[in-house]
Each structure stands twice: as structure tokens, then as C-alpha cells.
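Down below is the structure, laid out as C-alpha cells.
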Amino acid sequence: MTLPFDDHFHEECGVFGIFGHPDAAAHAALGLHALQHRGQEAAGIVSFDGSQFYAHRALGLVGDNFNSAEVMNKLKGHMAIGHNRYATTGDTLLRNVQPLFGDFSFGGLAVAHNGNLTNAMTLRKQLIDIGCLFSSTSDTEVIVHLIALSKHALVEDRLFDALSRVEGAYSLVVMTDGMMIGVRDPLGVRPLVMGKLGDAVILASETCALDIVGAQYVRDVEPGEIVIVTASGIRSLHPFAKQPKRFCIFEYVYFARPDSVSEGQNVYETRSRIGAYLAREAPVDADVVVPVPDSGIPGALGYAKESRIPFELGIIRNHYVGRTFIEPSDHVRHLGVKLKHNGNRAILEGKRVILVDDSIVRGTTSKKIVAMVREAGAKEVHMRIASPPTTNSCFYGVDTPTRDQLLAANHNVLQMAELIGADSLAFISLNAMYRAVGAINRNPASPQFCDACFSGDYPIPLTDFENAGGGKQKDLFAEV
Ligand code: AMP
């Protein structure tokens, strides 16, 4: 199954906004640095100083681009929003780097988006037909045009007007010349938290971005909530029809940083609980529990504690290469695993090893790691995965490949074990995972989380995907 539209539309991102601080841009840079795990291909900050907006966007890491006085001194003002971006395949174009900015009849507006819109292609075609000129291939740009076209006077009404036409997952941080706005989609698929630093108000994808600037966590922005921050205070609107929350369960599996608190749950503790439940569901007689670092560590610790089998670092990770998955080409991804991990023979030789990772997507990582552990002398390798089989692609802002590339979509567990070369393989069940993330069990009639990647139950229509007539989005412009 291939997507009928361009892969540019799949983004994993981090957003940050700060209102009412004399050093807003520097704080935004720090916040984005803490959120770097959510996107490593590009970053941008837009600030406002009371009379003008200033923007700096660049390909690459936050620390490499927002590190000089030359750049930071130009980002003047008491408010700033920022964005970390990761697009799966294809070119990362500078013109796609957020925050996007537009000149409107009411003034300037910048927007940073985490998530993915599922009817962006359909809307884009309609908007082009009525004369809108798009300058990026980002799904977020349809929101900018819809705001411009809205007949309402107030920015928040225009924003709601625009959002009532889009489908998909979105956590947005928006900035105008007098306000910062935070929005979560009605199901609350992607995270967004609010914090305070003195009198300044902060919005961020995760609490780790509050910690880095010394801000206090106030609360999560609620699903369907629009939070408006101005000099006279904070207002909260709930204009969308109320729907049951469907927070992305994969944030707990892999995406969020372990020191963040998502929807009231510490991510590290949650992952460790998933590992413990996995040990109960899929025990195996072995000598050592070894995580695939770093993503498998909390799950492996939970597994080891529960099974009372010693936890050891049998695989050492080189931290000076990016995440394998984050590398856009297959070739580099292939090389990546070898660059990143090495078996620790002292720990593995002659041992029956339980290898714990958070997920199997394509299976490339597991296959290489299992072979590596055997080469380092392991007698048996039992793979345990701290999430259910990933059988479906995500359309809501987590990068997963198309179904034909998902190992679990095309093979049963026994076949997968054989393909990755493990003596045994087991995944945690979806119900046990629900218990680990704080629910009693999965309610099949109305699941408490978005778990489409594991269940195929998509809570938001996949309009572009189903609308094959939408055609492939052709990139007409190349930045050279
Ligand atoms: P694969 O080699 O495709 O099976 O990838 C599995 C590995 O990728 C696991 O070790 C995960 O930690 C990691 N992973 C899972 N989902 C993602 C994602 N959306 N982005 C980046 N890495 C991921």
C-alpha cells in the first residue's frame, strides 16, 4: 500500500512558545533543544518585539543553528515560538521549515504545528482552485490560508474557523503581534503542555522543555482547547464539539523523552511498567536482560526487575550518530545501525540473552542487533518488545513507513522471529499496555488512546489517503 500523496506530509515535530519574557528567543532555543528528539532535520524560531517579527530557520540541529550571539541578538522581543521538524523522506526544504509566517489583513501571524493533517491535500487542491498560492509543501500551510480566508474579525475566531475545516492531529502554537495561542485537536492526539516562568507563559510539546528553562508545569492543554495568552492574562475556549480523548499511545512507547510527564504519566515509569507487564506476559528462562539502547532501556529495566534476571548493558551505543530511523535514505539507515551499536562481549559471551526494545517497525534494527549479539558470543537470543506489533501506519504525525514495509503487517510473530534471527520473540499485548499507561483495559467500543498503529482503529478520517483522486503532490520547487 503506498500513499497517494507525498511523504513530505508526514512530520514528527516539537513546538515551543513563550509569552512575556525579555529573553524570549533564547528560551525558545533552549526549549527546542530539549525537544530535539522530536525532530532533527530543521528548526526555526519567530519572535516579536512589539513592532516587528523576526525569524531564523535552518536545516540541522538547534544547537548548531541557534548558538551564536549574531543569530540570537536578531531574534528580539518578549515573545517567541519555535519548531523542530523531521520529515520522513524527500528533500527537507528550507521553505518548509516552521514556524510558517504570513502577513494578514490583521497583521502578522506565525504558526508551529506538531501532528499531521489528514485532509491537507484535499483542502490544498480546493484552495489552489480559488487562487491561493502555496509556498511550501507543508500540510500546515492550509491552516494559514484558511485563516486568511475566514470572514471573522477576531484572530481566535478565524483560527477556529480554519480548524473546523481541517481533519487530523494537531498541537499548534500560534503567535500574532499581541498574543500567543495554543491549540490541541479535539481528540488531543499530540501533546501540548502549559508552564509558567515568573510572569511568562510557556507552551511546549513536552514537560522536558519546561524543565530546561526552569519553568513550572501548570497543566496539559486539553483536547479541543484553544488557550489565548495576552498581556491581560490567559483565556481558554472550548469551541469544538466534545469528543472522547485519544492521546497517542506511541508517545509513551517511543516518541516522548523519558523524563517528560505526558497526560499525567511520567514516561520513564510508564515504559518501565510496560517492561514489567511484558515480563509477566512473556517470561523466558535466561541469564541476562539487555536493552537495545537507548529506546529499550526503561522497558528492559522493568522487565529485569519483574523477572529478577540481571540487567546489563550488553550493547553499547555510540551517541555521536543520529537515530537510525531519522536518517532519510534506506542506505544510510542500513549503515546507521552498525555505526550506532556494538555488542559488549564481556556481558554476552556464553549467555542466554533477553533483548528488549521498544518497537519493531521495519525489523532492520532487530535483525542487525540480534546478529550482533550472537557475534558477541550469546548462546540464545530472546527478543521482547515493549509494544504490540506495529501493524498499521500512522497518519497523525509519527513517522512510520507504509504498511508494505511494516514487518508485523506482513508476518506473524513466528515468522518475524525467524526473519530477525531470534530464538524467540514476543510483544506485549495491547490490553497489558493499556494497563501500563494507566487505563484498566482497552475499551474496544471507545479506546482511551489512539492506538491505530497497533489496532488499525483510526479515530480521525484518512481523507487524503482514501481519496486516491487526490493524486501525488508534486514538488514543483527545489531549493539548491
Ligand atoms: P526498525 O529497524 O524499522 O524495526 O526500527 C525499530 C527501531 O526504531 C526501534 O528501536 C525504535 O526505537 C525505533 N523507532 C520506532 N518508531 C520510530 C519512529 N517513529 N521514529 C524513529 N525511530 C523509531
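The values are calculated or read from the model by the stated rules, or taken from the named source; none is laboratory data. Owing to the predicted nature of the structure, the values given are computational and were not obtained by experimental measurement. Backbone-built Cβ (ideal geometry, glycine too); neighbour counts: all protein chains shown.
Here are some residues: ASP404, ASP464. Which one is more than 12 Å from the ligand (Cβ to nearest atom) and within 19 Å of LYS367 (Cα to Cα)?
ASP404
Of the numbered conditions (1) aliphatic (A, V, I, L, M); (2) in contact (Cβ under 8 Å) with a residue 24 or more places away in the chain; (3) surrounded by fewer than 24 Cβ atoms within 10 Å (Cβ to Cβ), ILE202 satisfies every one except a single condition; which is it?
(3)
Please go through segment 361-385 and pick out each residue that is among the polar types (S, T, N, Q) and more than 14 Å from SER424 (Cα to Cα).
Selection gives THR364, THR365.
Mind listing whichever residues of segment 420-432 are of a type in the set (Ser, Thr, Tyr) and either in contact with an Asp or Glu (Cβ under 7 Å, 6 or more places away or on another chain) or in a loop (DSSP other than H, G, I, E, B) (or both)?
Answer for segment 420-432, where residues must be of a type in the set (Ser, Thr, Tyr) and either in contact with an Asp or Glu (Cβ under 7 Å, 6 or more places away or on another chain) or in a loop (DSSP other than H, G, I, E, B) (or both): just SER429.
Could you list, ordered by first residue, the pairs with Cβ atoms under 9 Å in which the first is in segment 404-419 and more than 13 Å from THR390 (Cβ to Cβ) and part of a helix (DSSP H, G or I) and the second is of a type in the set (Lys, Arg) and modelled with pLDDT of 95 or more, at least 6 apart or interchain?
Close Cβ pairs satisfying both conditions: LEU419/LYS367.
Which condition number in (1) in contact (Cβ under 8 Å) with a residue 60 or more places away in the chain; (2) under 19 Å from the mean Cα position of the chain (by Cα); (3) in a helix (DSSP H, G or I) is the one that ALA28 fails?
Just one mismatch for ALA28, condition (1).
Are any residues in segment 447-470 more than 18 Å from ASN116 (Cα to Cα) and modelled with pLDDT under 55, and if so, which ones?
GLY469
Quick check, is MET79 under 28 Å from VAL229 (Cβ atoms) and touching a strand residue (DSSP E or B) at 6+ places or on another chain (Cβ under 7 Å)?
yes
In segment 258-313, which residue that is within 16 Å of the ligand (Cβ to nearest atom) and among the aromatic types (Phe, Trp, Tyr) is farthest from GLN36 (Cα to Cα)?
TYR303
Considering only segment 170-211, state which residues are part of a strand (DSSP E or B) and small (Gly, Ala, Ser).
SER171, GLY182, GLY195, ALA200, ALA204
Give just the number: which of (1) touching a Lys or Arg at 6+ places or on another chain (Cβ under 9 Å); (2) under 30 Å from ASN84 (Cβ atoms); (3) near the ligand (Cβ under 10 Å from one of its atoms) does TYR396 not satisfy?
It fails just one condition, (3).
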